[in-house]
Amino acid sequence: MSALKQLACAVGTVGGVGVATLGWSLIEARWPVLRRIEVPVLAPGSAPIKLLHIADLHLTGATKARVAWVRALADIEPDLVINTGDNLSTLGGVSALGEALEPLLAFPGAFVLGDHDRHGTVFRSPTRYLRRDPRSNDDPVADLPVLPWEEVRDMQLAGGWKDLDNCRDMVEAAGQLIELVGVADAHADDDAFPEPVAAGEGAAGEASDAVVKIGVTHAPYQRVLDQMVTDGAQLILAGHTHGGQLCLPGYGALVSNCDLPPAQASGLSTWPASFKAIHKGTAPASEEGQAYLHVSAGLGTSPFTPVRTACRPEATLLTLTAR
């Protein structure tokens, strides 16, 4: 075979692999999975609590299958739902979100918002995510579509869910009190860690009866995780990373879209890290001075890059058990 023919064959093979990979990544982005992990984090003697973590729905007017899948999560009857934000991509996603969350609002819940609850998605080069800080070349005064984030907030508040953007609160789930602390989107530098409750205030007494303290953030930046661990959170929930979105099979995420190590871009680990992130089964015991960290790979993508590789869209049922 001549050198020219060999080159043509090589180019054809590479092209074929590229087309196949693109085709699979389009399919995978539409193939959600419900993951199940057991986390021994509650106070001794506590009854189990089923916590459903949803993240990064990125809804538009054309995400009907995703809406139906989220609605069906109500069938597992969680004791508590935590939504870590980025519910929208376009204005058309607002009504879709109301439809998606409607059956889940029957259960206790809490939420924070992400930047994509406030601003619509615009096309940006996918290679920007390979930079250490993907925001570094963004135009700070770029005109971004403004989304009705108040509607996103209010539909969740109307269902009784707690707004944790730079707030503290309490919630009862499975007959047990849970202490919550949250921050607004750290990726947009909107986070302001809430002040601790004074010892003499009524809420402090309630907190002392809580079986667990949970930190909630959209983007798992290290400064936020450190603050939550210092504050005494035993479990931290986050989204934002999309699990790396375009991962290498057998290796995992290349990026996290923040300063979290890519190895922790999805799954359950600890902060500071002491074991490899898991996506099913029972978590090992955490160590003193650590919190469990669950980062959801989320359910959606940008409508301009609707692909995932080795990183299926997900929601996670965390069964919290006694330590």
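Any read-out appearing in this document is the output of simple, stated calculations on the displayed coordinates, not a laboratory observation. Worth saying up front: this structure is predicted, and the values here are computed from it rather than measured. Note: ideal-geometry Cβ built from the backbone for every residue, glycine included; neighbour counts use all protein chains shown.
Structure above, values below:
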{"quantity": "Other-chain or far-sequence residues with amide H under 5 Å of V81's (modelled H)", "calculated": "L52, G109, A110"}
{"quantity": "In nm, spacing of pseudo-spin labels at Q222 and L144 (7 Å Cα→C-beta vector)", "calculated": "2.4"}
{"quantity": "5 angstrom amide H check on T270, placed H, neighbours 5+ away", "calculated": "F275, L293"}
{"quantity": "Region 204-304: trypsin sites (Lys or Arg not before Pro) falling in loop per DSSP and having at most 12 other Cβ within 10 Å", "calculated": "K276, K280"}
{"quantity": "Sites matching chymotrypsin sites (Phe, Trp or Tyr not before Pro) across region 47-128 that sit in DSSP coil, with at most 16 neighbouring C-beta atoms within 10 Å", "calculated": "F123"}
{"quantity": "Whole-number D in µm²/s for region 31-322 (Stokes-Einstein; Kirkwood sum over Cα pairs; 25 °C, 0.890 mPa s)", "calculated": "130"}
{"quantity": "In region 256-311, chymotrypsin sites (Phe, Trp or Tyr not before Pro) in a DSSP loop with at most 14 other beta-carbon atoms within 10 Å", "calculated": "F275, F304"}
{"quantity": "In Å, descending, principal axis extents of the Cα set of region 184-315", "calculated": "51, 33, 22"}
